[in-house]
1. So which pairs qualify, if the first residue must be in region 45-67 and among the aromatic types (Phe, Trp, Tyr), the second must be at pLDDT below 95 and surrounded by 15 or more Cβ atoms within 10 Å (Cβ to Cβ), the Cβ gap must be under 6 Å, and the two must be at least 6 apart or on different chains?
2. For region 107-130, name all the residues that are without any contact (Cβ under 8 Å) to a residue 24 or more places away in the chain and part of a loop (DSSP other than H, G, I, E, B).
3. Go through (1) among the polar types (S, T, N, Q); (2) within 30 Å of residue 125 (Cβ to Cβ); (3) modelled with pLDDT of 90 or more and name the single condition residue 83 misses.
4. Given (1) part of a helix (DSSP H, G or I); (2) of a type in the set (A, V, I, L, M, F, W, C); (3) surrounded by 14 or more Cβ atoms within 10 Å (Cβ to Cβ), where does residue 89 come up short, assuming only one miss?
5. Go through region 103-121 and count every residue that is surrounded by fewer than 10 Cβ atoms within 10 Å (Cβ to Cβ) and in contact with a Leu (Cβ under 8 Å, 6 or more places away or on another chain).
6. Just the residues that are crowded, with 16+ Cβ neighbours inside 10 Å and in contact with an Asp or Glu (Cβ under 7 Å, 6 or more places away or on another chain), please, taken from region 122-154.
7. Any residue in region 84-106 that's within 12 Å of residue 129 (Cα to Cα): show its pairings with residues that are not hydrophobic (A, V, I, L, M, F, W, C) at Cβ separation under 6 Å, as long as the two are six or more apart or on different chains.
8. Could you list all residues from region 144-171 that are outside any loop (DSSP other than H, G, I, E, B) and within 18 Å of residue 118 (Cα to Cα)?
Amino acid sequence: MDTGEAGASGITATQRAAVEALLRQPTLNRRVRERAEMVKAAALGYEVGAIAAWSGRSVRRVRHWLARFAESGVAGLADGARSGRPAKADDAYRAALVAAVTTPPRDLDLPFDVWTSDRLSAYLAETTGVRIAPGWLRALLAHQEFVTGRPKHTLKHLQDAAAIAAFETDLAVVGEKGGRRPRPVRIASPG
């Protein structure tokens, strides 16, 4: 078949090659992958009803994606623009978030040592002008693969290492039970 000539499905060899190249992408969105599989099945000669049966979509929905592909090619399989308000956390905000989280608060002349979601939200609202609730900020941090949780404060840095070593040697000499010797067992006499 010639690259410009369409087969029985109306899909040319060039278009089919583009779909197969798209399907080889490891980071392909699952919705786009499903749509590309529909197009590939149509190129292989499967009927729309059969494609709808194995994909779990309606015949109307399969025809919709095949028509979008015929009209716009591989680009037509992508998700369209979503309705609603645009996201507040754009790329600039996410970059500011990563920069703030990876910088100790003291280096930013802040009066605390540990970031909390409230403090981080207030700091980013001040520096970027975008206010995001602490709960959503934690979700953004998780999406950026940062780990959140309560800080574990210890006093280890205040302990004297020499005193601890002396204590551990004393404890080893005395033993686990604190140096007690076992007492003899008393047996009560009958009577």
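The values are calculated or read from the model by the stated rules, or taken from the named source; none is laboratory data. For clarity, every value in this text was computed on a predicted model and none was experimentally measured. A quick note on method: Cβ atoms are made from the backbone with ideal geometry, for glycine too, and the neighbour counts reach across all protein chains shown.
1. 65/35; 65/38
2. 109, 110, 111, 112, 113, 115, 116, 129
3. For residue 83, the failing item is (3).
4. It is condition (1) that residue 89 fails.
5. 0
6. Scanning region 122-154 gives no hits.
7. 93/128; 96/128
8. none
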